[in-house]
Amino acid sequence: MRNKFLKTLLIIIGVIVLFSIIGLTNGKNREVTVVEALFSDIITVPQRVYTHLKNWIIKDKDFFSDIEKLKEENKKLKQENVQLTDKMVDYELLVSENNVLKEHLKMESAYPDYEVVVAEVISGSNSNWEDVILINKGKNSGILPNMAVITTEGLVGYVESVSDDTAKIVSIIDAGNSVSGRVVRTRDAIVCMGSSLLRENGRLKATYIPLGVELVEGDKIETSGMGGIYPKGIAIGEVTSFTVKKNPSENEAIIDTFVDFNRLETVAVIIGEVKI
Amino acid sequence: MRKIITTVIIIFIIILTVLLQINLLNVVPLFGVKANLGIVLVAGIGLMSGQLVGGIVGGIYGLILDVTFSKLIGVQLLLYTIVGIITGRISRGFSKDSKMAMVVIVFLTTIVFEFANVLLLSLLQDFKIKLFSVIVVILLEAIYNVILTMLLQKWIVSLGEMINKSKNSYYLL
């Protein structure tokens, strides 16, 4: 009987305490008690860890998927880059080819009376004495030794020797070379000689100037057609100075060539005359 | 194997020297005068490895120049071979470790080589020269070559040492 009473009393007290707790905790601005905080921490700390891990994993999952996307994008961009680079190279080649073709056209139209083979200069002279140029066309293009070589500016030299696909050109400024020239103004024949002293400046020495002829600065000189190699009327250069010697037969002049031998890129070899 | 590799390297260096000479040194002349890397190479190797190796390297270098850029075949071959042989012979009187020896030899070799070159060209062709301008050009070239020698000495010495290590071979240089 007594036990039954105690049990009922404990239940009643329990209910009251619970309701009291409910009542006490039912406030909006209520502060968390120490006990609550303690229990809360027992759960919240591992919960925070868990959440953190979960978020990290989820975030990482996105990160991995992003990497895949980025890799794919990168691959696409790389491919695009390669394509663009190829296009750039093609473009540059086209520009270069276009310039070469323009130069060829210019060269061919500059001397309509002659049949020419246009060629590129592979290398210039490598010595301090000789002025020999190598071009990328030879026997296979119809080039033979002793043919004249020109540019749109004027006379370059003659073909010294040929292989199937290259030719050696001795320029007019070579110290061992000489060209029979004619003064355009007076029609007098002179000899234009290469000189070791003048070749670096692209100049020639005019000798065998007829007695009584006085050349003046700016006089144009062209080929006379004598000598068998160079056709008549191809521009050589212009007189820059005229020196009178004690012996008039030794008078000489310096000729500045029209062709810039330091920047020679394209030349034309005269392989014959155009037959009308 | 080492000997084959050395031979390949020497041939490669000869070709590289020709290419450097025509593409680089021709573009950067000193007062209008071009340096001659061939003399530096041939004289350097002759000095380091003796007359046989010097002569062969000089011969190959000269032949390439003759075939490719000269009006007459044989002039450069002859001159460069002589450079290789002579520097190889006089190298006996010099210490291979002496930095000054190579510089002096290149300077003197350039002068002798270019005078001989001009003389041959004058005799074999209608080559018009003025002694004063020839002397100026040769001296400038010799100075230019000395500068190149000082810059390249380390590599030439290494190349010479490499050749000397594989020199006992029957078929190699």
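What is the number of the single condition among (1) in contact with a helix residue (DSSP H, G or I) (Cβ under 6 Å, 6 or more places away or on another chain); (2) at pLDDT 90 or above that B:Ile156 does not meet?
Result: B:Ile156 passes all but (2).
From the list A:Val121, A:Val82, A:Val89, pick out the single residue that is at pLDDT 85 or above and within 22 Å of A:Lys137 (Cα to Cα).
So the residue among A:Val121, A:Val82, A:Val89 that is at pLDDT 85 or above and within 22 Å of A:Lys137 (Cα to Cα) is A:Val121.
I'd like to check which helices (runs of 4 or more DSSP H) are fully inside the stretch B:20-100 and have at least 2 residues that are open to solvent by 40 Å² or more (accessible area, probe 1.4 Å).
Once the helices (runs of 4 or more DSSP H) in the stretch B:20-100 are filtered for at least 2 residues that are open to solvent by 40 Å² or more (accessible area, probe 1.4 Å), what remains is B:51-69, B:75-90.
Can you pull out the residues in the stretch B:162-173 that are farther than 16 Å from B:Gly84 by Cα and either in contact with a strand residue (DSSP E or B) (Cβ under 7 Å, 6 or more places away or on another chain) or modelled with pLDDT of 80 or more (or both)?
The answer is B:Met162, B:Lys165.
Conditions (1) open to solvent by less than 60 Å² (accessible area, probe 1.4 Å); (2) under 28 Å from B:Ser122 (Cα atoms); (3) aromatic (Phe, Trp, Tyr); (4) touching a residue at least 60 places away in the same chain (Cβ under 8 Å), marked per residue:
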{"position": "A:Ile172", "(1), (2), (3), (4)": "yes, yes, no, yes"}
{"position": "A:Asn201", "(1), (2), (3), (4)": "no, yes, no, no"}
{"position": "A:Lys205", "(1), (2), (3), (4)": "yes, yes, no, no"}
{"position": "A:Ile221", "(1), (2), (3), (4)": "yes, yes, no, no"}
{"position": "A:Phe242", "(1), (2), (3), (4)": "yes, yes, yes, no"}
{"position": "A:Pro248", "(1), (2), (3), (4)": "no, yes, no, no"}
{"position": "A:Ala253", "(1), (2), (3), (4)": "yes, yes, no, yes"}
{"position": "A:Glu265", "(1), (2), (3), (4)": "no, no, no, yes"}
{"position": "A:Gly272", "(1), (2), (3), (4)": "yes, no, no, yes"}
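The values are calculated or read from the model by the stated rules, or taken from the named source; none is laboratory data. What you see is a predicted model, and the numbers here were worked out from it, not measured in a lab. Methodologically, a virtual Cβ is constructed for each residue, glycine included, from the backbone with ideal geometry; neighbour enumeration extends over all protein chains shown. Calculation scope for accessible area: heavy atoms of the full protein, side chains included, ligands and nucleic acids excluded. Shrake-Rupley method; radii C 1.70, N 1.55, O 1.52, S 1.80 Å.
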